[in-house]
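The values are calculated or read from the model by the stated rules, or taken from the named source; none is laboratory data. These numbers come from a predicted model, not from an experiment. Here the Cβ positions follow ideal geometry from the backbone for every residue, glycine too, while neighbour counts run over all protein chains shown.
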Amino acid sequence: MIELAAPWLLLATPIAAAPFVLHLVRRRRPRDVGWGAMRFLAVVAAEQRRRLAVQERLLLILRTAALLAAAVAASRPAWVERSAAAPVLERGGRVACVLAIDDSAASGAAGGDAVARSLAAAWLSTLRDGDEVTVLPLSLLTEPAVDPLVDLAAARSQVEAIRPSALAADHPALLLAALDRLQAHLNPHAEVVLVASGRAEGWRRGDRRWDELARRLAAPLHGTRERPHIVVLEPPTRRVDDMAITAVIPASARVAPRTRVPVRITVAGHGVRRDVTLRIALNGRTIEELTVSPPADGESEVAIRLPPVEPGDHVISALLVDANDAFPASDTCAAGLVAEARLGVLLAEAVPGRGLSGSLGPLAAALDPDDGTDPFAPFAPRRVAATQLLDGARADELLNGTSAVVLGGVAALDAGALAAIERFVAAGGGLLVVPGDGIDPAHWATAWYRGGDGALPAPPGAVRDHRPHASATAAPGSAHPLAEVFANAGSDALGQLSINRSLELPRPGDGAPDDASAPLLLDDGSPLLIERRRGQGRAVLLATTLDGSWGDLPWRAAMVPLVRTLIGDIAAKPSPPRTLLPLQRPAFPPASGARLSGPAGDLPVESGSWDGRSALRGPPLTSPGTYTLFAADGAVLARRAVAVERAAHDLTPTSEADDAAADVLGAWRAADPAGAIVLVDGGQRRGAELWPWLIALAVIALLTEAYICGRAARDEAQS
Amino acid sequence: MALLNWHEQILPRLARVSLSARLAVEGFLAGEHRSNRRGQSVEFAGHRPYLPGDDVRRIDWPLWARSDRLDVRLYEEESQLRAVIAIDASGSMGYGGSEAKIDSARTLAAGLAAVLSRHGDAVGLAVLGGSLRSYLPPSASPAHLIAVLERLQDLRAEGPGGCGEALASLAPRLPRRGLFVLITDACEDTGSLLRGLRLVCARRTDTRLWHLLHEDEGGFPFAGDVRFLGLEGEPSLALDADRVRPWYLRALAAHRAELAAGCRAARIDLRGFRADDDVALAIADALR
């Protein structure tokens, strides 16, 4: 059969009708003339009219053939031979077949999904009544197992309904799941048919799951069940040129409202380089269009700033408008973010002050330089004297409406106030404890840490002086936002610190709980701060003061990013991710009568939980794009984005080496010399490319047309 | 036989046929034509007005003395030329609109008839078209000329063509050793037409073929898609005139060449006319 590398270009074939249309348009209604000398015309008509008609039709056919051949050639047809390989299997009885179909994103490149469907359908056609089938696309691996089908027509319908997902191909996962599904079959002749997409990515060379597969295939058999035949139907594919958006990354997934969020968009070219239009939209509304020209085999990055965003969920989507390549799914990408209202931060100071004075004056200035006059500032600090935390009731009153509390140099707290703060943290609030000159570390360890049950993340040690002064650094390998900020800053902001005194903090697992983390370290390796989750909130203990008495941190460049990132991180309540990976289930705030709409239509939602809290959950999302949760009245409640997995952008065709996948399949063969594993070499062989012949045909047709026209013109001139 | 009164009887009728015919005859009346068919006879046939160039010895002086009219005497022997004018009235002769070939043929025939009759010759008229439609045997009487002119006046181009068959019917009825003039567009089979003319020639007649074509037929000035509707009932032909023109002209030239060769072989005087030719000059040229 004939396969088209760019079938959408067949849309150009109607242009072949142009000669006919022109012929009809130019065909005038003939003028009637009464004529006497008809006998001379009759002689002409008998001889010439036939000749003219033949010539005219021949020219029409030649012109149409030339255009048609050129249009079809543009779709790059090739002759392929397809084999369902059924004859190579000796089926001794009723068949139990699991069709494991790779419906990864890359399967949609160059019409590969249609080829995969036809291969699966071809295999189904070899089955007979009474045989069992399970159709298992990659995108449904996480779905509960269903009973095998004995209705082959229903199985065929399932195959026809399969469309490319946002997933990266994963053949070992597919095969393992297929072996699991095979357990539900009853027929003795077991077949696992892997319909691959022909891309190398899915074979996951070196993946340990291949060992698990080999072990399971070599396991002893029980009962009458035969060892399963493994059939790989993999269409040979060609490398296709592609332009793709590989990433849309906002600077932060959680931002303050009305801030202009920087967004980085990565556009990649695979085998092709040209200018394309990049359209960027926020919540479906285009906000910017740019022309980008990524290198032929590389990436280029585009940086923009979003317009100020209102509180709520937002989805940034990017689209290559005129990529027109063989892999349309890679031409778009999306990411979500949430804009939250100003975070209230309560600053309780042992030494109250105004401006930069006081225990936390520099901190208040770093969080809100405009001292409350900027309505769009992300933080709303409120300074109080620590003495105002008189008791639990007063503390609750002060903590109401805040997201984080900072204790600056507070030596001791009323028991009721301390309990209120602990409740506040357990409910999701953030706590930052900053030392000061009057503190008693032993009291903190006793009353605030309480062997790990209190709010303090770690038991503090003694206050020590640094001679010479200490600097700080980001902890290597830490995934904490603080470590990322200073690791990516490109400057040694922490190294410029000069800290002359600090509270000695234990390292996680070495005096501090194992679940604590120390993203920033002093240059002697001890933590500059230590963080620990307490309930649904987090508590952080800093080793130095923020008033400049123990070092120059407040006056250094590291101050603002440090405290803003730290407070922003601990103050924000955990919320479900806005950008999801394929197969992840979205979580939304509870809402009654809500409706989830995605790229492929509406999806069911159900009540569930997320991170221990009640939430509305959707199904695993497989299609890339934007998903919107609507309220019963049609208002938008939340948005989520699903992008094609980055690995799915690899369109490298399966090579001979991968076919030997190669090692694993070879190992299977060795383990099962009886030949239970059948490698259908290609399943489909791509033969000769036809487009050069079509181009040649078009050229011959045009040359013939030119010759005929020239000869007719000569005849006319001569006569 | 009443004397022929040209100015009072013939010219008004000619005018009804064609102004050109009238002008042609008036030209002859002015004495441009010199008959080479005079003879001597004792049988008086009538008078005709004297024209400059006539032999003054033939003037009827007694008549001049009686009536002050200067006429010459005509004798029977001078009227022995019996001419038959045959007109092809097939549908194809109707081509040309206001300059239809049939009108030109009618004018030519009327002029020729008038000229011949003016010189005392007997004139007959045959109307052809697929078959012999009508035939007026030649006569020199003025009343007969009037009948000829009236027949010409009523002539319509219609019906199928084919003078050859009609000539086969007409030939036995023609006077021997006379003058036979066929005015046709010859849009028919050349062989059939020549066979008919050879039958006429067999009567030892002085046979002349006046081949009348319209300007369009000679040049084929059409362009684009044209549907040609046959005037003689042929099926219509939708053709690209630009492409067909060279082939048509080639076929027409071959036809004319074949006709000329046939006429030359049969000693038939062939003259070509165009529908818009000046009739007086055409007749003078043809009779020279």
Within region A:356-406, how many residues turn out to be more than 42 Å from the chain's Cα centre (by Cα) and either of a type in the set (Val, Ile, Thr) or within 18 Å of A:Pro561 (Cα to Cα) (or both)? 4
In region A:379-405, how many are touching a Leu at 6+ places or on another chain (Cβ under 9 Å), surrounded by 16 or more Cβ atoms within 10 Å (Cβ to Cβ) and not aliphatic (A, V, I, L, M)? 7
Could you check, for region B:259-270, whether at least one of its residues is modelled with pLDDT of 85 or more and within 9 Å of chain A (Cβ to nearest Cβ)? no
Give region A:509-524 a look and list any residue that's surrounded by fewer than 20 Cβ atoms within 10 Å (Cβ to Cβ) and either touching a strand residue (DSSP E or B) at 6+ places or on another chain (Cβ under 8 Å) or over 18 Å from A:Pro476 (Cα atoms) (or both), or say none. A:Gly511, A:Pro513, A:Asp514, A:Asp515, A:Asp523, A:Asp524
Count - residues of region B:97-119 that are within 14 Å of chain A (Cβ to nearest Cβ), modelled with pLDDT under 85 and either surrounded by 24 or more Cβ atoms within 10 Å (Cβ to Cβ) or touching a helix residue (DSSP H, G or I) at 6+ places or on another chain (Cβ under 9 Å) (or both): 1
Residue among A:Asp113, A:Asp103 that alone is more than 20 Å from A:His185 (Cβ to Cβ), in a helix (DSSP H, G or I) and not small (Gly, Ala, Ser): A:Asp113
Of the candidates A:Trp550, A:Trp555, the one satisfying the condition of being farther than 21 Å from A:Ala445 by Cβ and aromatic (Phe, Trp, Tyr) is A:Trp555
Lone qualifier among A:Gly477, A:Gly438, A:Gly461 - being assigned by TED's automatic domain parsing to the domain that holds A:Thr387, surrounded by fewer than 22 Cβ atoms within 10 Å (Cβ to Cβ) and either touching a His at 6+ places or on another chain (Cβ under 9 Å) or free of Cβ contacts under 8 Å to residues at least 24 places away in the same chain (or both): A:Gly477
Take the residues in region A:535-576 that are of a type in the set (Ser, Thr, Tyr) and out of contact with any strand residue (DSSP E or B) (no Cβ under 7 Å at 6 or more places or on another chain), then tell me which one is modelled with the highest pLDDT. A:Ser549
By residue number, the members of region A:9-65 that are in a loop (DSSP other than H, G, I, E, B) and either more than 7 Å from chain B (Cβ to nearest Cβ) or surrounded by fewer than 13 Cβ atoms within 10 Å (Cβ to Cβ) (or both) are A:Arg27, A:Arg28, A:Arg29
Going through region B:233-258 one residue at a time, which ones are under 18 Å from A:Gly34 (Cα atoms), at the interface with chain A (Cβ under 7 Å from one of its Cβ atoms) and among the charged types (D, E, K, R)? B:Glu234, B:Asp240
Exactly one condition in (1) in contact with a Phe, Trp or Tyr (Cβ under 9 Å, 6 or more places away or on another chain); (2) surrounded by fewer than 14 Cβ atoms within 10 Å (Cβ to Cβ) is false for A:Pro295; which is it? (1)
Can you pull out the residues in region A:119-148 that are surrounded by fewer than 20 Cβ atoms within 10 Å (Cβ to Cβ) and outside any loop (DSSP other than H, G, I, E, B)? A:Ala121, A:Ala122
Residue check for B:Glu215: in contact (Cβ under 8 Å) with a residue 40 or more places away in the chain and either under 30 Å from B:Ile87 (Cβ atoms) or not assigned by TED's automatic domain parsing to the domain that holds B:Asp278 (or both): yes
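Can you tell which of A:Glu422, A:Glu484 is out of contact with any His (no Cβ under 8 Å at 6 or more places or on another chain), among the acidic types (Asp, Glu), closer than 26 Å to A:Leu367 by Cα and modelled with pLDDT of 90 or more?
A:Glu422 is the lone residue from the list that is out of contact with any His (no Cβ under 8 Å at 6 or more places or on another chain), among the acidic types (Asp, Glu), closer than 26 Å to A:Leu367 by Cα and modelled with pLDDT of 90 or more.
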A careful count of residues in region A:322-354 that are of a type outside the set (Gly, Ala, Ser) and either in a strand (DSSP E or B) or under 19 Å from the mean Cα position of the chain (by Cα) (or both) gives 12
Going by what's in this entry, would B:Asp276 be described as over 19 Å from B:Glu188 (Cβ atoms) and not in a helix (DSSP H, G or I)? yes
Scanning for something within 17 Å of A:Val43 (Cα to Cα), in a strand (DSSP E or B) and over 20 Å from the mean Cα position of the chain (by Cα), does region B:213-226 turn up at least one residue? yes
Mind listing just one residue for me: the one in region A:604-655 that is surrounded by fewer than 17 Cβ atoms within 10 Å (Cβ to Cβ), among the charged types (D, E, K, R) and assigned to a strand (DSSP E or B) and, of those, modelled with the lowest pLDDT? A:Arg613
Only one of these is among the small types (Gly, Ala, Ser) and modelled with pLDDT of 80 or more: A:Ala214, A:Ala219, A:Ala184. Name it. A:Ala184
Given the condition closer than 27 Å to A:Arg128 by Cα, out of contact with any helix residue (DSSP H, G or I) (no Cβ under 9 Å at 6 or more places or on another chain) and modelled with pLDDT under 85, answer yes or no: does some residue in region A:188-202 qualify? yes
Let me spell it out: the conditions are (1) within 14 Å of another protein chain (Cβ to nearest Cβ); (2) more than 20 Å from B:Ile102 (Cα to Cα); (3) surrounded by 15 or more Cβ atoms within 10 Å (Cβ to Cβ), and B:Gly191 meets all of them except one. Which number is the exception? (3)
Of the conditions (1) more than 14 Å from every other protein chain (Cβ to nearest Cβ); (2) out of contact with any Ser or Thr (no Cβ under 8 Å at 6 or more places or on another chain); (3) assigned to a helix (DSSP H, G or I), B:Glu165 satisfies every one except a single condition; which number is it? (2)
From (1) buried (at least 17 other Cβ atoms within 10 Å of the Cβ); (2) at pLDDT 85 or above; (3) more than 14 Å from chain A (Cβ to nearest Cβ); (4) in contact with a strand residue (DSSP E or B) (Cβ under 8 Å, 6 or more places away or on another chain), pick out the condition that doesn't hold for B:Ala282. (2)
Answer with yes or no whether A:Arg163 is among the basic types (Lys, Arg), in a helix (DSSP H, G or I) and in contact (Cβ under 8 Å) with a residue 12 or more places away in the chain. no
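Okay, residues lined up against (1) buried (at least 23 other Cβ atoms within 10 Å of the Cβ); (2) away from chain A (no Cβ under 14 Å):
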| residue | (1), (2) |
| --- | --- |
| B:Asp121 | no, yes |
| B:Ala140 | yes, yes |
| B:Leu145 | yes, yes |
| B:Gly161 | yes, no |
| B:Ala171 | no, yes |
| B:Leu174 | yes, yes |
| B:Val181 | yes, yes |
| B:Arg195 | no, yes |
| B:Ala202 | no, yes |
Go through A:Arg532, A:Arg450 for me and flag whichever is over 33 Å from the mean Cα position of the chain (by Cα), under 30 Å from A:Ala417 (Cα atoms), modelled with pLDDT of 90 or more and charged (D, E, K, R). A:Arg450
